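*Asks:* One structure follows; several queries about it will come next.
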Amino acid sequence: MDAPPDVLDDGEQSFVVKVRELGWFRTSVFGDDEGPGFSFTTGFWVNASQPEVIIFSTKDDIAHDVFGDLFRDAKAGKTLPVGERTDAVFANLPAYAFLVAKKHYRDLLGWSRWFYGGDDFACLQIAWPDRAGKFPWEPDFDTEFCEDQPDLTERGWANEIAD
């Protein structure tokens, strides 16, 4: 955030200004043949001392609202429980937050990696349930949604759930 403006191109300057003004910025990536669309944050780590957040296969307005609420909570000192079912993400359904393995940063978190100058920041993946309330690692999860949110954890979602 402290780079002199003359060393940044217009896109980089705009990105930094938005993180300075709002505290965070949402980057959206369209889905394609290689995988589902997703959104992620930049700014939580530096401005709220909380991990960045990534979520797959949600509408842009929903991702933006979720990230905005999570940022306000983070600034107020509230943290997302990692590996635990929580109602702190969505208004009408549960979610889980899992630490993203660093091996996924290069492919998914480009702007955050640029902003932080590498991988020295934490990121949480938000996992959401199917229409019946089942999560991808649970029996009877709706197979229609199997490709909608890849597991970005180090050991697999089921192994990352807190006891």
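The values are calculated or read from the model by the stated rules, or taken from the named source; none is laboratory data. Bear in mind that the values here come from a model prediction, so they are computed numbers and not experimental data. We place every Cβ from the backbone using ideal geometry, glycine too, and count neighbours over all the protein chains shown.
*Asks:* Every residue in the stretch 124-143 that is of a type outside the set (Asp, Glu), farther than 19 Å from residue 92 by Cα and exposed (fewer than 13 other Cβ atoms within 10 Å of the Cβ), please.
*Replies:* 139, 143
*Asks:* Pairs please, first residue from the stretch 90-107 and in contact (Cβ under 8 Å) with a residue 60 or more places away in the chain, second anywhere and of a type in the set (Asp, Glu) and not in a strand (DSSP E or B), Cβ atoms under 9 Å, 6+ apart in sequence or on different chains.
*Replies:* Going by the 9 Å Cβ cut-off, the qualifying pairs are 96/84; 96/160; 98/151; 98/160; 99/154; 99/160.
Conditions (1) touching a helix residue (DSSP H, G or I) at 6+ places or on another chain (Cβ under 9 Å); (2) over 27 Å from residue 145 (Cβ atoms); (3) of a type in the set (Val, Ile, Thr); (4) at pLDDT below 95, marked per residue:
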site: 22; (1), (2), (3), (4): yes, yes, no, yes
site: 34; (1), (2), (3), (4): no, no, no, yes
site: 65; (1), (2), (3), (4): no, no, no, no
site: 100; (1), (2), (3), (4): yes, no, yes, no
site: 106; (1), (2), (3), (4): yes, no, no, no
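*Asks:* Continuing with the same structure: Taking the stretch 10-43 only, how many residues are farther than 19 Å from residue 107 by Cα, touching a strand residue (DSSP E or B) at 6+ places or on another chain (Cβ under 8 Å) and hydroxyl-bearing (Ser, Thr, Tyr)?
*Replies:* 0
*Asks:* So residue 85 clears everything in (1) under 15 Å from the mean Cα position of the chain (by Cα); (2) surrounded by fewer than 16 Cβ atoms within 10 Å (Cβ to Cβ); (3) closer than 20 Å to residue 153 by Cβ except one condition, right? Which one?
*Replies:* Failing condition for residue 85: (1).
*Asks:* Name every residue in the stretch 108-123 that is in a helix (DSSP H, G or I) and either surrounded by fewer than 11 Cβ atoms within 10 Å (Cβ to Cβ) or among the basic types (Lys, Arg) (or both), in order of residue number.
*Replies:* 113
*Asks:* Considering only the stretch 93-106, I want to know if a residue exists there that is assigned to a helix (DSSP H, G or I) and touching a strand residue (DSSP E or B) at 6+ places or on another chain (Cβ under 8 Å).
*Replies:* Looking for residues that are assigned to a helix (DSSP H, G or I) and touching a strand residue (DSSP E or B) at 6+ places or on another chain (Cβ under 8 Å), one finds at least one in the stretch 93-106, hence yes.
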